[in-house]
Structures are given as structure tokens and as C-alpha cells.
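> Okay, handing you the structure first.
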Amino acid sequence: MRDQARVVIIGGGVFGTSVAYHLAKAGCTDIVLVDKGELTSGTTFHSVGLVSQFRTSPSLMKIMNYTIKLFNELKKEVGGNLGWHTVGSLRLASSKERLKSLRREVSRARAIGIEAEVITPSEALEIAPFMSGEGLHGAVWVPDDGHIDPSSITYELARQAKRLGAEINTGVRVTDIEVDSTGQVTKVITDKGDILTECVVNAAGEWAPRIGAMVGVNIPMVPLMHQYLTTKPIPGNELPSKTPVIRDPDKLFYCREDVGSFLIGAFETNPKEWATKGVPWEFNQQLLPAEWDLFEPVMEMAMERLPILEQAEVIELINGPDAFTPDGHYALGPVPGLKGFLVAAGGSINGIAGAGGVGKLICEWILEGEPSIDTHEMNVRRFGPHLKNLDYVTQHCREVYRNYYHLHFPNDENVWGRPLRTSPFYPRLKELGAVFGEKNGWERVNYFEPGKPWRQAGYDQNNWGWGKPDFFDRVKKEALAARQNVAVLDMTSFGKIDVKGKDALDLLQKLAISDLDRALGSLTYTQFLNETAGIESDVTVCRIAKDHFRIISGTSFVSNDIGWIKMYAQKGYDVSIKDVTNEFACLSLFGPNARKVLEKITQADVSNKAFAYLTAKNLDMGGVNVWAQRVSYTGELGWELYMANDDALKIWDAIMDAGKQFDISPIGYKALDGLRIEKGYLYWSGDISPGDNPLEAGLGFCVDFSKDDFIGKNALLKIREAGLKTKLCGLTLDADCCLFGGESVYKDGKIIDRIRSANHGYCANTDIALIYLPLEMSEPGTELEVEVMGKIIKAEVASMPIVDPKGARIRA
């Protein structure tokens, strides 16, 4: 075994060997891959090997699509030994609501280039005649899907990597990893000797958390039992090798052909966890005892759809643990604060299906510094410190598994493991009949039901399906209160990041597209870009002191943003970076009467002249020091009020008491989303992301091209010089049709793109959607069409923002 290598890959499953293959193919052959057992001896060996492109995430689709292309290329090279079978897949609808869901998903899939179609029950039975058509409402047919032998593809990737110069060693267990005082990885220590290195890839599968712990990194993953049953071929009814993969999510099972017989897998609604505190090192090429009591109810449902199974003789029930993340997505990329430590784990549901794409992305991170696609939903930066709570992580992982096949609506909330984090205003919110949702572990108010007991929202959309939600009128009342009067919103969950030190300004000037060298107390709305001008962060920055800046980030994005800052701070900047989210409570007060309420609880001058828009200062409110920032995510006159947690209830009571004469209304985040989309305010991860640039997103007003070099400036200059080809636009729709985002948009029968985000504009009294359109289609009044649940709805490009287009209210 080599004692030095540029890259050490830990883990010989399909992710690890894919990384080795892609690095070696790109010319980086100074690689050592180590595995404590044999190749595939973790979760890969018991994987079912299903490969499907039917995803509604553009990034996941690209990963799966590339993986299939790679499998096809390798199959050409090695012939039939790869075990790759392009047989197509059927996703069945055994309920009316499921068929509606599938129609919506097909619209979203088509918008990102996937060939998929909704077919009738009779058409599905022609493709798979051994099924029963009883209770079948339709299906989705995806012709390019298939399945592959996991061991064959893993060994082939390893063989190719070795052929190109990589070294692969089995029976070698990593016992520690050394990091120097600057945070640079320097050495991998194994039971067979040490390897000096500058780069480590943690592709250790269900052992990834234990490898991460060696360098102080929390990788929140929990193994869950996943079972599938194999049968002997049924004499006279052997399945042909071209039998499509069948998924019947209403009945919680999937099925594929296995040497002429059936392989039946299940996603039970009450999954069991295993080895939550760490998978034993010696658990190699092993399975768990079969859990027949867990599997039998699903098998009974499978036999309803596949009556022929009654004739099948069971070979065995296989129970293999799969490690899940709390949101079900991969854990990929460089770890902030550590130089040269990357993660390629969290495959669980999509391990084999995305193996090729994952290997390619990790290779790009190592050799080029950034991946070629938007990875925000799977980037390891997203994991916050609250995910060190093992009980909470376990429950969320179980719920991800439970909802993988269970019909899950866009407005549904996570239920298990709550509550984890609550704001200091929580007692008052409960008294007012709050209906709480959850975001990044925080209990946040969706809306209020005055006069009713408070509750946690859960799988509420089951009550109304895909139509107008039960809370519509209540949310509309809250939104109108904000536009017409005055409202208050608990914003404690929003991220707060303090950057301090002599190099604080220099670091943030390097990161931000705006000039942050402004007066103390100034607020700047800005973005951080990657080298290709993609938007990595969308934040507001306040300059509190000469060397002290506070960054306000979205609730779900604070870990992503602080990670991005740390990745560049480690390049020699003398700064301290601290997440202070939990140290301050925050209320947002906004609406035409917001100033009148504020004047009743402070003697300070809060007139427009004394307290201008996009400035901040300390205010004394009845002896409580409150940091007030004049900014609002609603587009109305407003302030964000930050205070110590111990003072929160005193300030809440003072505001509510002062607001009585103005009929002040507490509101929730459902109303806020409707308010922001009327103003054309953008949502990072939806409307803007690392795959979008600020010029096309209409954020050119944030860019200061005159400042010294900032990350992404050169790429942005090239985009400007080449001229924009698309721009973010608003659409309004003729019908009241409940958009959720992702729907296909058409012009003259051709798909143009997908809706990024959508909601009802409660004050504009219309459904509003945001979408990137070609310039020639971006003029207000242009007629387009939106596919909603299989129906075509007329839409029109709107002049944005719809409410207060000149922005006079927020500056009043």
C-alpha cells in the first residue's frame, strides 16, 4: 500500500469506486482507496439496484441521467457482465389522489427533460399483464429506467479505476485522520500503515458518521432496516428479463424481475432504526434478522396487485440496513472549516441510481473547486448543529423513509421528533391559537386560528387534497392585515451570523457582489456567488461596527451560508465567525401603521428622516435595548426588532398592547409567502440557487462592478457582455388552481421551463408564479400555458412587482 497519495478514498462501495473511477479518468491517478472489508461489503452488496430518472429535482435528475449514460457506456465496453437492464418502469396509482399526484409529478419531470407519460390502467396491464387491474387508476411509464447488479457495477468501476492507475486496498481499516493547526487534512492512519495526503473522501456509507467523528465532523445519518423478499421462478409463469420495474406506492411495495422470479421490496410506514450510535466496524457483508411482522402487511398488499405471488415459493426475506439523512438527500461535498475533507455518503434511497453522478461531482470538487450543477439540496454544508441531537435525527430519518411511498402533499409538515427548537415567543403564540409548522428544527407559525387551541400542523393536506386549502381565508385575512394595517411576525428562526475581526470587511467584500464598505448601521441586501456566478447565498448584511458585521439568513440556510463563509475565511483571513441565531429573539413589525405602533413604545425618533430605510440602530423600548433594522420581507413599512431572549415576552406584550388601537394582527409564514411573491421578492433554493446568476434573476441592482474583485465577478462580466438570454418573470393565472412550484410552462405546445415558486397573491387576488423565460417571451402580456394536474391553464406574463411597483410603501 502506498504511504502517500494526493487523494485517499475511504469506502469501497459504489460511491467510493465511482469517485476513484472519475478521478482516474480525469488524469488524477495518485489515488488510494481503502475499505476495511471487501468491495461492496457495506450496503452496496444488499442493494436492489433500482435506477430511476423520475425525479422532480433538476439536480437529482441530472445525476440520475448521467449515471444511466455511464452505465450504458460501460455496458458497451464489457458486454452483458455489467448487469444493467434498461426495462423501463411503471409507477402505479391505486387511488384517485395518487393519480393526481402523479400527473403533477409528470408535469414537473417533463419540465426538466425526463421522458415520462401518464398511461391508462389498460395500457399499464399491457406492459405488465401479470398485474391485477382492480383499483388501478392509472400509471406513469418511464421507458429509460431499469435495474443493475450492484456488485457488478461496483467491481467494474474499481477495475476501470485500477486500469487507469488508482490503487485499491481491501482489508484496511482507517483508525484516525490527522489535521494540522490550519485545518488541513494531512494523514490517514490505518491498521496497515499511514498514508500522507492532502485530500480525503469519506465514502464510507453507513460508517460515514464514524469517519466524520475522527475529524470532529457531524454527519447526521441513521441506518434503517430495509427489507425485500426473493422468490423462486413460478413454473410456466417465469418473468421475462425485460419485465419492467413496478412501483405501487399506495400499497407500499416495488417489484423487479430477478432471474425469472420476483423480488419484492417494501417501504413500511413504521420503519425501525438500527445501530443509531454507530455501525460496528466488523459489520461486513452481513444482514439483519428478518422482520416478518414488519413486512407481512406490505406483502399482503403486494399480493392484491400481483395475485400470481400466491403461487411463488419464497427463498428468503433480506433485511439490510440503509443509512438515511434527516431529509433523505445525499451528503456531498467539502466540509467547511476543514481543508481537503469531502463527503460522499447518504445514498440510502438513491445510492445505486446516482452513483455515477455522485462520483463525477466529487471529482469536480477536488479537481476544479466546484461542481458543474446546483447541489444545494445535497451539500453537506446544510447540516446545522441542531442535527447533533440523535433522537431528533433518528425520528426525521424514519419519517423520510415512511413518506417515501406514503402519499405526501406539498403542504404537509414533518411530525416525528417535534418540537426541537422554539422561540421565546412560543407561549404567547400558543395562546393565540397558532398552527405551527417546522423549518430546520424550529417551530414556526403557519397561521393562527383565533379561539381554537394551538396545534402542530402535520399531514393536514390529506383533509383537502389538491384543492384550495382549509386555511385559505384565514391566511388571506392575515395578509390583508399586513398590507392595510399592521402585523407582527416571529422571525426568531432566521439565521444570524456574526463576522468580526480586522479582516471582516475584506472577507465580506470578497464574498459579496455589493459594496459593504458603508456607514455603521447600514443594511445591504446582497448575494454571495460561486466562480461561475451562481448564487450560493442570499442575505442581508448589517454593519454594526467597523469590524463587526451581522448577516441575516433564511431559517433553513444559515448552515449553508456560514459554511460558505468559513470555506473562504480559511484562506488566511483574520476573522471570527459565529452563529448567533439562538442568542437573539426577533419580531418583524410591518404595515402602514407600523410606525405608529413603534412610536408608542419608544421615545426615539423613528420618522423617515431620522430612521431611514435600510439602516439600523439601537432603540430603548421601556428600558429594553432593542436592535432595530428598518427592512421588511413584505414590501411594507417595517422593522425587524432584535432583543435578548429574556426580554422577548416583555417586548411582545408592549407591541401587542400598543397595537390594540390599530387592531394589530399576528401573522404566520403562509401569509408571508403570499406577501413576498406579490412583491417579486425571491426565495433562495427556489427562485434563485447556485444554478442561477443575479443578472438573469433581476438582481443586477445589487451588483457593484466598480468594486475590487469579488468571487464570480469575471463570470458575471462575461454574462453581461454576452447579453442575457433569459430573465426571471412573474406569471398570473386565469384560474384558481393551487400551484405548488415545478409545473411545466408551455408556449405554442412546447415546454419552455418550470415554475420556480408559486402562491396565491391574497392582496393581488390572483395566483402568481415565478419562472425564467427567454427574453422574447418576457414582455408583460405574453400569453403562456401552465400544466396543472394534467390540465392546461392559461397564464400571462405580469409586470412585477404586482403590488406597489414603485416601492413607495417600504420607504414611507
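> Within 10 Å, at most 10 other Cβ atoms, and a DSSP state outside H, G, I, E, B define an exposed site. Report the longest part of the chain free of exposed GluC sites (Glu not before Pro).
So the longest stretch without any such site is 314-812.
> Do any of LYS192/LYS566; LYS430/LYS596; LYS430/LYS679; LYS725/LYS791; LYS277/LYS566 go past 32 Å between their Cα atoms, and which?
LYS192/LYS566
> While we're here: Which trypsin sites (Lys or Arg not before Pro) in the range 543-599 pass both tests, a DSSP loop state and at most 12 other beta-carbon atoms within 10 Å? Mind dumping the intermediate values first?
Details: sites: ARG543, LYS546, ARG550, LYS566, LYS571, LYS578, ARG595, LYS596; in loops: LYS546, LYS571.
Counting only loop positions with at most 12 other Cβ atoms within 10 Å, the trypsin sites (Lys or Arg not before Pro) in the range 543-599 are LYS546, LYS571.
> Still on this structure, please answer the following. Given a cut-off of under 8 Å on Cα pairs at least six residues apart, what relative contact order in percent is computed for the range 382-469?
28 percent
> Let me ask something additional. Rounded to the nearest 500 deg cm²/dmol, what is the calculated helix-only ellipticity per residue at 222 nm for the chain, with -39500 (n - 2.57) per DSSP H run of length n ≥ 4?
Here the helix-only value at 222 nm equals -7500 deg cm²/dmol.
> Could you tell me which of the pairs LYS62/LYS571; LYS75/LYS360; LYS360/LYS578; LYS360/LYS496; LYS69/LYS162 are separated by over 29 angstrom between their Cα atoms in the structure shown?
Result: LYS62/LYS571; LYS360/LYS578; LYS360/LYS496 exceed 29 Å.
> In the range 251-298, what chymotrypsin sites (Phe, Trp or Tyr not before Pro) fall in a loop by DSSP, with at most 14 other Cβ atoms inside 10 Å?
Counting only loop positions with at most 14 other Cβ atoms within 10 Å, the chymotrypsin sites (Phe, Trp or Tyr not before Pro) in the range 251-298 are TRP281.
> Would you please give the residues with an amide H less than 5 Å from that of THR175, counting only those at least 5 places away or on a separate chain, with H modeled from the backbone geometry?
Amide H neighbours of THR175: ILE189, THR190, ASP191.
> If you fit an axis through the alpha-carbon atoms of helix 472-484 and take the longest principal axis of the Cα set of the chain, what angle between them do you get, 0 to 90°, nearest 10?
That works out to roughly 40 degrees.
> Another question about this same structure. 5 Å is the cut-off here: which amide hydrogens, built 1.01 Å from N in the peptide plane, fall below it relative to ILE315, excluding neighbours closer than 5 in sequence?
Excluding prolines and chain starts, which carry no amide H, the hits are THR230, THR231, LYS232.
> While we're on this one: Note down the magnitude of the dipole of the range 584-663 about its Cα centre, charges +1 on Lys and Arg C-beta and -1 on Asp and Glu C-beta and zero elsewhere, to the nearest 20 debye. Provide the component values of the computation, followed by the final result.
Numbers: 8 positive and 10 negative charges, 54 e Å.
Result for the range 584-663 is approximately 260 debye, rounded to the nearest 20.
> Quick one: net charge around CYS542, please, counting Lys, Arg +1 and Asp, Glu -1 for every other residue with C-beta under 11 Å from its C-beta.
Charge balance near CYS542 sits at +4.
> Name the residue from VAL575, GLN527, VAL558 whose Cα lies farthest towards the positive end of the charge dipole of the range 509-592, charges +1 on Cβ of Lys and Arg and -1 on Cβ of Asp and Glu.
VAL575
> Quick one, which of [x] 95, 70, 59; [y] 96, 65, 62; [z] 85, 63, 52 is the actual Cα extents along the principal axes in Å calculated for this model?
Given [x] 95, 70, 59; [y] 96, 65, 62; [z] 85, 63, 52, the structure-derived one carries the label [z].
> Hey, another quick one. Would you list, by chain and number, the aspartates and glutamates whose Cα falls below 16 Å from the Cα of LYS546, excluding same-chain residues fewer than 8 positions away?
List returned: ASP498, ASP503, ASP506, ASP515, ASP517, ASP574.
> Would you kindly derive the ³J(HN,Hα) couplings of the range 531-540 from the backbone phi angles with the Karplus curve 6.51 cos²θ - 1.76 cosθ + 1.60 (θ = phi - 60°), listing them in order in whole Hz, with x for Gly and Pro?
Couplings: 5, 9, 6, x, 8, 8, 8, 10, 9, 10 Hz.
> Lys/Arg Cβ at +1, Asp/Glu Cβ at -1, dipole of the range 584-663 taken about the Cα centre: which of GLY622, ALA654, ALA594 is farthest positive-ward?
ALA594
> Using only Cα atoms, locate the centre of the range 472-541 and the centre of the range 101-175, then give the distance between them in Å, rounded to an integer.
Using only Cα atoms, the two centres lie 40 Å from each other.
> Taking 8 Å as the Cα distance limit and 6 or more residues as the minimum spacing, I'd like the relative contact order of the chain as a percentage.
It rounds to 12 percent for the chain.
> Could I ask something else about it? Using θ = phi - 60° and the Karplus relation 6.51 cos²θ - 1.76 cosθ + 1.60, list the HN-Hα couplings for the range 87-96 in order, rounded to whole Hz, with x at every Gly or Pro.
10, x, 9, 10, 10, 8, 10, 9, 8, 5
> The range 443-510: which trypsin sites (Lys or Arg not before Pro) are DSSP loop and have at most 14 other beta-carbon atoms within 10 angstrom?
The qualifying sites are LYS502.
> Next question, about the same structure. What are the extents of the Cα atoms of the range 98-160 along their three principal axes, in Å, largest first?
Cα extents, longest axis first: 46, 32, 16 Å.
> Select from ASN414, PHE341, CYS702 the residue farthest towards the positive end of the dipole of the chain; place +1 on Cβ of Lys and Arg, -1 on Cβ of Asp and Glu, and compute about the Cα centre.
So the residue furthest toward the plus end is CYS702.
> Further, regarding this structure: ³J(HN,Hα) across the range 760-769 via Karplus (A = 6.51, B = -1.76, C = 1.60, θ = phi - 60°), whole Hz, x for Gly/Pro?
8, x, 5, 8, 7, 6, 7, 6, 10, 9
> Using R₀ = 60 Å, calculate the FRET efficiency as 1/(1 + (r/R₀)^6) where r is the Cβ-Cβ separation of ASN72 and LYS430; round to 0.05.
The calculated FRET efficiency here is 0.60.
> Based on alpha-carbon centroids, what's the gap between the range 247-311 and the range 589-604 in Å, whole number please?
About 59 Å separates the Cα centre of the range 247-311 from the one of the range 589-604.
> Express the relative contact order of the range 599-698 as a whole percentage, based on alpha carbon pairs under 8 Å and six or more residues apart in sequence. Please list the in-between numbers first.
Working: 86 pairs, mean separation 18.3, N = 100.
Computed over the range 599-698, the figure is 18 percent.
> Can you give the charge dipole size of the chain about its Cα centre, rounded to the nearest 20 debye, using +1 on the beta carbon of Lys and Arg and -1 on the beta carbon of Asp and Glu?
Details: 89 positive and 106 negative charges, 358 e Å.
Charge dipole, the chain, about its Cα centre: 1720 debye, nearest 20.
> If you take the Cα atoms of the range 584-663, find Rg, then find the Kirkwood Rh from the mean of 1/r over all pairs, what is Rg/Rh?
Here Rg/Rh amounts to 0.92.
Laboratory data are not the source of any read-out in this text; all were calculated from the coordinates shown. Source: prediction; values computed, not measured. All Cβ positions, even for glycine, are placed from backbone atoms using ideal geometry, and neighbour counts span all protein chains on display.
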